[in-house]
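Taking it in order: structure first as structure tokens, then the write-up.
Just so it is clear, none of the values below were taken in a lab; they were calculated from the coordinates. Worth saying up front: this structure is predicted, and the values here are computed from it rather than measured. Cβ sites come from the backbone with ideal geometry, for glycine too, and all protein chains shown count toward neighbours.
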Amino acid sequence: MDQPVYISFLWHMHQPLYMDWERGWLALPWVRLHALKAYYDMPWVLEGFPDVQVTINLVPSLLYQIEHYLAGGTDYFLELSRKPAAELNTEEKLFLLKFFFCAHEQTMIQPYPGYWRLLQKRGNAFSGVSEALKQFHTADFRDLQVWFNLTWVGFAYKNHPLIRELRLKGQGFSEEEKLALLDLHHEILKGLLPLYRKRKAEGQIEISTSPAFHPILPLLIDTDFARRNLPNAPLPPRFAHPEDASLQIKEALSCHERIFGQRPQGMWPSEGSVCPELIPLAAEAGVQWLATDEEILYRSLGQSGPHLLLQPYWAEHAGARIAFFFRHHALSDRIGFVYRAMAPEKAVEDLLSAAKSLAQGLSLKRPPLLCLILDGENPWEYYPDGGEAFLKALYQRLQEDSGFRAVSIGNYLAEFPPERGFAELYTGSWINANFDIWIGHEEENKAWSILGQVRNLVKDLSLLPEQGLRALLAAEGSDWFWWFGDHFTTIFDLEFDRLFRGHLKHALCSLGLQGLNILEEPIRRPRLVEPEEQPASFIQPVIDGRLSSFFEWSGAGKFTPRGMGEAMYLGPKLIEALYFGFDLHNLYLRLDFREKSCQELPPGTWFKIFFMDNEEEVEVFLEPPQALKIKKGKELFQEGPPGEMACMDILEVRLSFKSLGFSVGQKVRFWVEIGQNDLLKERLPWAGELYFVVPDETFEQIMWQV
């Protein structure tokens, strides 16, 4: 190549504000735990690679919570960890059994026999916790307290004497060892911000920011902007507060100046969400560059290609101009989702070969710039060693290979300012170039409506005391809306809902205003989940475990599992899709597998199908290749032959309505659980239930009319 390929990594570090204002602690532990693993590891791993520059994007809502710990603050999980195991009450023990396995099973539990033993002993996280309580003794709970806090310690501290000793010991920990580990957590947190300042002073990292509490800025400016790319979406009552968007930007810059002694040059707008109206707000605050996704560039220009992507641009609106950088979507996602399963050297070679190919043959006046922008915390949970080998191999290659130069975005901008711009910036985010994730669903719209009602009561933000202002701005964050609706779910859905409403209540209380009654009602509720396709006609598939013909399942309903988003103890997903349909006498279900066929599943794999009619539960237990049992309540239940099952390439099941005890016209809710031995591995859907109505002979006629 005539000139090196410049590569700018932007590692985005973010957590929403988990403050429980009534109790004065953080409700969830993710700031502390990610600090031990990713937030410290990422600047630490740059040691020894002085020529490698990266940009690390620190969101102020994360920084505020780090300061919370440094000032002596705590979180609920930390309080339960510190409590002597012998003094835990029943409710606290159940909490530990439910939530102290929140770590990726394959990389953070299974490699440690002591932790893996506890998970196997605990068994089914949803229906077996009460039974597991009888099997756990005080020493087991103490070991669980230790392992949950030990497994999150990242590679920067893997050779610390205490960490090596505890991992080697594996079980039978003492209270003194547990407290020593938790004290080490605090020491790591104390060293975190000084490490960032050190790397910044050395010129290895540029610290950029996002709006203070990670809101979707275009939606704060005007929720009706969502119609620019979702013209038919149902939207909430209009929320239009550009002054809030401006304050979120200014608060972010002030936070960084206070902590790092300098205002950041650049900003990754939350979720890469941009619109033309954002440009003057950012420029007025002194932001020099913004970054977003390649799809925004392509839609702004009306054309695509690497010759367009590998350079910066400027964008203008209302007399203001600002520089823009655009991420390579696919390569950024490879780091987050693909390279975890590859040998580090092969992953690095794949990445840099792709970078060379993109730049090959381009006739640019300046070195091509490839922007790789992604989450800097969550991917490393899925790498076997927390990402250490991959990051070191990557930085070593960039350090030595003259064909590449790893540069911060700000330094590239200083040397090669944009030479071209475009008439109007497209409005959208890095996900599908729209705002569908955060607005348009019934729950999301309800949250926006409540936020608007509270904002109308507050009227003047300058009247809010510091904590009240922080609470209101926190409620504008994107994360709450991320977890509302159908796109994503986590076992902490209801807690995210409570925290969102808690921020709004605290904002009102800080002004002496009474809370709205609607703030007492959960927004996120168990609900029926709509599949991609509902059953449209009768089917009669051959139950042989093979897709004998496309047409045998034509007319069935289809549900495709969505991403969990959070990395819990559950392992990689088994199921590609669930199909369901019926004839007049039978219900049919089919499971398609992502990688292995049904007959290749590990020994001990089982399936349970739960049906609910009103409050009565029917359970169908399947253990291929033979076992098929139906229980109603706690008793085996059967009226006539129960059905049949086949497990070959796919799993196919026929269950007679008579054997299930269902009659015509009943609306039946159902879900499927998949496990291995005593462990639940997967649930379809993860939150909520699917449903069908037992058909009569007019079903197809009605569906044709629809």
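With all distinct Cα pairs included, what does the Kirkwood hydrodynamic radius of segment 438-525 come out to in Å, to one decimal, could you say?
Working: mean 1/r = 0.0769 Å⁻¹.
Its Kirkwood hydrodynamic radius stands at 13.0 Å.
For Gly643, the residues 5 or more places off, or on other chains, whose built amide H falls under 5 Å of its own are Ser656.
Take the residue pairs Lys632/Lys658; Lys134/Lys158; Lys37/Lys121; Lys134/Lys681 and return only those whose Cα atoms are more than 24 Å apart. In this structure, Lys134/Lys158; Lys37/Lys121 exceed 24 Å between Cα atoms. If only the Cβ of Lys and Arg carry +1 and only the Cβ of Asp and Glu carry -1, the dipole of segment 91-190 around its Cα centre is close to 280 debye. Each Lys and Arg Cβ is given +1 and each Asp and Glu Cβ -1; about its Cα centre, segment 366-415 then shows a dipole of about 320 debye. Bridgeable lysines around Lys356 (alpha carbons under 18 Å apart, same-chain partners fewer than 8 residues away excluded): Lys346, Lys365.
When the Cα gyration tensor is reduced to axis lengths a ≥ b ≥ c, the ratio a/c is 1.5 or higher for segment 317-410, and with a/b not above b/c it is classed as oblate.
Quote the relative contact order of the chain in percent (integer), defining contacts as alpha-carbon pairs under 8 Å separated by 6+ residues. Show your work: numbers first, answer last.
Numbers: 1317 pairs, mean separation 101.7, N = 706.
RCO, the chain: 14 percent.
Distance between the C-alpha centres of segment 306-376 and segment 198-240: 21 Å, rounded to the whole angstrom. For the charge dipole of the chain, defined by +1 on Lys and Arg C-beta atoms and -1 on Asp and Glu C-beta atoms about the Cα centroid, which residue among Gly266, Phe582, Leu528 has the Cα displaced farthest towards the positive pole? About the Cα centre, the residue reaching furthest to the positive side is Gly266. Shape annotation for the chain: C-alpha extents along the principal axes are 78, 65, 63 Å, from largest to smallest. For the chain, Cys102, Cys255, Cys275, Cys371, Cys509 stand unpaired, since no other cysteine beta carbon lies under 4.7 Å from theirs.
Phi-derived couplings, Karplus 6.51 cos²θ - 1.76 cosθ + 1.60 at θ = phi - 60°, listed residue by residue for segment 407-413: 9, 6, 4, x, 5, 5, 4 Hz, with x used for Gly and Pro.
Summarising the amide proton neighbourhood of Asp75: residues at separation of 5 or more, or on other chains, whose placed amide H is nearer than 5 Å comprise Leu26.
Farthest towards the positive end of the charge dipole of the chain, among the residues Ala423, Cys647, Ala393, is the Cα of Ala393, using unit charges on the Cβ of Lys, Arg, Asp and Glu. Sparse packing (at most 15 other Cβ atoms within 10 Å of the Cβ) combined with a DSSP loop state is found for none of the chymotrypsin sites (Phe, Trp or Tyr not before Pro) in segment 244-304. Listed by chain and number, the aspartates and glutamates whose C-alpha is less than 15 Å from the C-alpha of Lys93, apart from same-chain residues fewer than 8 away, are Glu79, Glu131, Asp140, Asp143.
With the charge dipole of segment 118-227 set up from +1 on Lys and Arg Cβ and -1 on Asp and Glu Cβ about the Cα centre, the Cα lying farthest toward the positive end among the listed residues Pro161, Ala132, Ile207 is that of Pro161. Of all aspartates and glutamates in the structure, those lying under 14 Å Cα to Cα from Lys573, and not within fewer than 8 positions of it along the same chain, are Glu105, Asp592, Glu595, Glu673, Glu682.
Treating the beta-carbon of each Lys and Arg as +1 and of each Asp and Glu as -1, no other charges, what is the dipole magnitude of the chain about its Cα centre, to the nearest 20 debye?
Details: 69 positive and 94 negative charges, 240 e Å.
That gives the chain a dipole magnitude of about 1160 debye.
Database remark: amide H of Phe422 closer than 5 angstrom to the amide H of Trp314, Glu316 (H placed geometrically; neighbours at sequence offset of 5 or more, or on other chains; Pro and chain starts carry no H).
As a test of the formula, what do you get for the chain when each DSSP H run with n ≥ 4 contributes -39,500 (n - 2.57) and the sum is divided by the residue count, at 222 nm and rounded to the nearest 500 deg cm²/dmol? Estimated from H runs of four or more residues: -10500 deg cm²/dmol.
Other residues lying with their Cβ under 10 Å from the Cβ of Glu576 contribute a combined charge of 0, Lys and Arg counting +1, Asp and Glu -1.
Restricting to DSSP loop positions (anything but H, G, I, E, B) with no more than 16 other Cβ atoms inside 10 Å of their own Cβ, which chymotrypsin sites (Phe, Trp or Tyr not before Pro) remain in segment 122-203? Intermediate results must be reported in sequence, preceding the final value.
Numbers: sites: Phe126, Phe136, Phe141, Trp147, Phe148, Trp152, Phe155, Tyr157, Phe173, Tyr196; in loops: Phe126, Phe136, Trp152, Phe173.
Sparse-neighbourhood loop chymotrypsin sites (Phe, Trp or Tyr not before Pro): Phe126.
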